[in-house]
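The values are calculated or read from the model by the stated rules, or taken from the named source; none is laboratory data. Model, not experiment: these values are computed from the prediction. When we count neighbours, we look across all protein chains shown, and the Cβ atoms used for this are built from the backbone with ideal geometry, even at glycine. Side chains are part of the model used for accessible areas, which takes the heavy atoms of the whole protein and leaves out ligands, DNA and RNA. Shrake-Rupley method; radii C 1.70, N 1.55, O 1.52, S 1.80 Å.
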Amino acid sequence: MELNSVKDSTSLLLTDVLVVGAGPTGLALACDLVRRGVRTLVVERADALFPGSRGKGIQPRTQEVFDDLGIIAAAEAAGGTYPVGMIWRDGERQGEHRMFDEVEPTPDAPYNRPLMVPQWRTQEILYARLKELGGDDIRFGAGLTELTQDGEGVTARLADGGTVRAAYAVAADGGRSTVRAALGIGMTGETVDPNPVLVADVRIPALDRDNWHMFPPAAEGGGFLAICPLAGTADFQLTAQFTDGTDPDTSLDGVRAVVAARTHLAADDVTEVRWASDFRPRAAMADRFREGRVFLAGDAAHVHSPAGGQGLNTSVQDAYNLGWKLGAVLRGGAPAVLLDTYEAERLPNAARMLGLSTRVHRGEERRGDATRQLGLGYRDSSLAAETRTGLPEGALWAGDRAPDGPVAAGGRLFDLFRGPHFTLLAVGTDAEIPALDGELVHVHRVEAYAPYGKGLFLVRPDGYVGWAGEDATGPALTDYFKLTRGGS
């Protein structure tokens with residue numbers, strides 16, 4: 001049955017997956033689902049996409065996700081690299097401060113540093129890609145008012161009068177998730193810092209855009225203030241810490257006052273406040289990421305301090321993990337038990353990144369390899385089938401991220417992986433390859449390549465090695481496909 005028009009607010013809408021929330025998580029998930037032929041409806045309680053810069057850092061692993069989704073070129077064109085920090089005191093430049101060590105790109109990791117793209121722009125890029133893929137328009141102004149589920153699906157009632165019936169639903173509606181509350185799922189966490197923080201997108205024509213300007217707290221009190229030029233825009237992101245018990249003033253006058261008090265700039269140097277908000281840094285994670293046919297993803301599942309730029313990135317990767325599994329169950333004939341691996345894989349990784357964000361915020365760990373998220377993997381997952389023995393230290397295992405690299409015939413491995421399919425790589429081996437569904441599994445033979453060694457590697461649709469072996473004899477590879485695709 002076709003999805004009814006989203007323009008009719010009183011109709012019953014029938015879809016495969018209901019995504020609640022049109023932030024980066026929900027939009028990335030919708031893109032991934034739609035390209036798999038899964039009918040997807042996104043509902044958003046706000047009247048438009050989020051207008052602020054809040055999550056502005058796209059880590060290397062998320063850039064790889066964007067490469068696969070077909071938006072990396074747009075993200076790179078819209079954003080840029082982070083400027084070097086500059087410490088100021090008493091109106092004088094004190095010296096540079098580098099937030100992280102720069103790493104040169106390598107053949108196996110072509111995206112080597114964070115990319116700065118304001119969150120509002122990232123969402124615009126994802127939204128444009130969703131429409132390009134044929135996704136239906138987002139239903140704005142449609143907050144969730146009721147959610148029920150049974151053995152065959154989920155029914156949601158919306159604030160605009162509409163009703164949605166879906167096979168599955170995904171809560172991507174933020175840290176104050178209405179869906180999570182409706183499911184009765186608790187969230188356990190801590191206050192990372194009791195001091196409130198003001199964040200605002202501002203225009204300051206009098207300030208140069210060569211540095212990330214940092215103003216440490218003055219001796220007489222007050223918190224830090226930082227002003228970062230937002231790549232690809234005329235705006236700056238202003239961040240200012242206040243003492244516990246203070247309610248930051250987010251108005252133009254309030255922002256001007258804190259800038260004048262803590263920097264060498266005059267109040268009227270701030271010509272415009274385009275968006276502003278305040279928050280108290282906290283770290284929290286949902287007690288579980290699933291309740292029946294409803295899944296939690298992004299901030300609905302885990303809330304990070306913004307330090308280290310892990311929140312948005314972990315959230316997008318939730319979507320990337322869940323998307324191919326929902327697609328496999330709904331369109332590929334995979335057993336529903338595959339969906340159990342979403343929480344099993346993502347909850348431990350989210351917990352790890354949550355701890356990292358907190359340590360970076362508290363100055364206990366520097367931004368480095370861990371914040372790039374290239375080392376995250378799923379070795380302990382039931383979807384990691386490593387059939388080789390005696391592997392040397394540092395070898396690529398099932399569950400690890402599949403590295404990029406050049407291909408003798410031209411292009412790169414990421415070109416072979418790009419798309420909703422599995423990829424079976426025969427690396428430096430003439431081992432026999434069984435007959436596989438060519439639409440679901442793309443098979444390629446490539447020369448021996450150090451990051452892989454030699455052997456057969458089945459790369460999952462989300463870019464992780466699912467199965468690895470010296471050859472494909474025996475039931476191991478066939479058994480793997482029974483779980484992930486309902487057969488080979």
Item to check | Residues with amide H under 5 Å from that of Tyr464, placed H, sequence gap 5 or more | outcome: Ala402
Checklist entry - For region 217-308, what is the charge dipole size about the Cα centre, in debye to the nearest 20, if Lys and Arg each add +1 at the Cβ and Asp and Glu each add -1 at the Cβ? => result 520
Checklist outcome for this item: From most to least accessible, 1.4 Å probe, no ligand or DNA/RNA atoms counted, Lys56, Lys454 line up as Lys454, Lys56
Checklist outcome for this item: Plugging the Cβ-Cβ distance of Ser381 and Ala431 into 1/(1 + (r/R0)^6) at R0 = 22 Å yields, to the nearest 0.05, a FRET efficiency of 0.35
Next on the checklist: With +1 assigned to the C-beta of every Lys and Arg and -1 to the C-beta of every Asp and Glu, and no other charges, what is the dipole magnitude of the chain about the Cα centre in debye, to the nearest 20?
Outcome noted: 400
Next on the checklist: As an exercise, identify the trypsin sites (Lys or Arg not before Pro) in region 144-197 lying in DSSP coil whose Cβ has no more than 14 other Cβ atoms within 10 Å.
Outcome noted: Arg176
Checklist entry - Contour minus end-to-end for Thr191 and Leu391, with contour as 0.36 nm per residue of separation and end-to-end as the Cα-Cα distance? => result 67.7 nm
Checklist entry - For region 322-455, what's the relative contact order in percent, using C-alpha pairs closer than 8 Å and at least 6 residues apart? => result 16
Item to check | Probe 1.4 Å, protein heavy atoms only - accessible area per residue of the chain in square angstrom | outcome: 40
Item to check | Heavy-atom accessible surface of the chain: percent carbon and sulfur, 1.4 Å | outcome: 48
Next on the checklist: Students often check this: by mean Cβ neighbours within 10 Å, which of 101-113, 231-243 ranks highest, and how do the rest follow?
Outcome noted: 231-243, 101-113
Checklist entry - Relative to the present Cα-Cα distance, how much length would full extension add between Ala476 and Asn112 at 0.36 nm per residue of separation? => result 127.5 nm
Item to check | Difference of contour (0.36 nm per residue) and Cα-Cα distance, Ser11 to Thr81 | outcome: 20.6 nm
Checklist outcome for this item: Each label sits 7 Å from Cα toward the beta-carbon; between Glu102 and Glu447 the label points are separated, in nm, by 3.1
